[in-house]
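Presented below is the structure to which this report refers.
The values are calculated or read from the model by the stated rules, or taken from the named source; none is laboratory data. Since this is a predicted model, take the numbers as computed values, not measurements. Cβ: placed from backbone, ideal geometry, glycine included. Neighbour counts: every protein chain shown. Heads up: the accessible areas ignore ligands, DNA and RNA and are worked out on the full protein's heavy atoms, side chains in. Shrake-Rupley method; radii C 1.70, N 1.55, O 1.52, S 1.80 Å.
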Amino acid sequence: MYRYFFKRLLDFFLSLLAIIVLSPVLLITAILVRSKLGSPVIFKQERPGKNEKIFTLYKFRTMTDEKDEEGNLLPDEVRLTKFGKMLRSTSLDELPELFNILKGDMSIVGPRPLLVRYLPLYNEHQKHRHDVRPGFTGWAQCNGRNAISWEEKFDLDVYYVNHITFLLDVRIIFKTVKTVLCREGISSKTSATMEEFRGTPNE
């Protein structure tokens with residue numbers, strides 16, 4: 001009953017409350033992003049949601065648009081400024097996703113929405129991460145975030161999909177607060193953010 005009805009009800013009311021309470025933070029962050037990184041303030045990107053349905057994800061931008069002589073964007077670690085790193089480490093860049101939750105594209109807790117181009121790369125086990133709405137935070141985010149491998153991350157996502165309960169969601173939210181405050185797992189071992197997923201080799 002919780003995963004099919006009450007979870008969405010809680011998502012709606014809690015995201016609406018969070019938007020109201022955090023509106024000063026949203027406004028100040030938007031002004032800072034505009035002054036330090038330029039326009040647009042909101043980064044929009046298509047992501048797969050529940051049942052792989054594509055939606056537009058909203059985030060505060062954290063990178064510049066610096067390009068090389070051929071017009072190609074420079075690597076993430078070059079375009080990610082000190083201010084952008086601060087936004088990511090505190091998860092302030094994620095706050096506009098509250099509007100995605102309000103709309104029903106996302107949930108407060110669930111597997112994080114990744115890139116559309118990853119869809120053909122998932123194996124049958126990993127595809128189950130799309131059986132539920134993607135989340136603002138998730139079981140993988142409070143158990144390693146970007147410091148664990150893709151395979152470990154997807155295993156945690158599928159575990160969550162198969163074990164959704166109200167108490168697990170509450171536990172994830174509290175663990176997420178601790179992870180953000182301690183700034184754990186922001187980057188992978190080889191990248192300023194997270195290296196590209198290229199598929200899991202068949203065993």
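Annotations
- Largest-first ordering by accessible area, 1.4 Å probe, given options M106, M1, M63: M1, M63, M106
- Here region 1-137 yields Rg over Rh of 1.01, to two decimals, using C-alpha coordinates and the Kirkwood radius.
- Dividing the summed helix terms, -39500 (n - 2.57) for each DSSP H run of n ≥ 4, by the number of residues in the chain produces a 222 nm estimate of -12000 deg cm²/dmol to the nearest 500.
- Sulfur and carbon atoms: percent of accessible area, region 96-157 [1.4 Å]: 57 percent
- Note on region 18-105: with charges restricted to the Cβ of Lys and Arg (+1) and Asp and Glu (-1), its dipole about the Cα centre is near 400 debye.
- Relative contact order (%) - region 109-165, alpha-carbon pairs under 8 angstrom, separation at least six: 46 percent
- Loop-located chymotrypsin sites (Phe, Trp or Tyr not before Pro) in region 27-100, at most 12 other Cβ atoms within 10 Å (DSSP): none
- Sorting L167, L114, L121 by accessible area puts them as L167, L121, L114; the probe is 1.4 Å, largest comes first, and only protein heavy atoms count.
- In region 106-147 the Cα-Cα distances spread across 5 Å bins starting at 0 as 6, 23, 28, 27, 16, 1 percent of all pairs.
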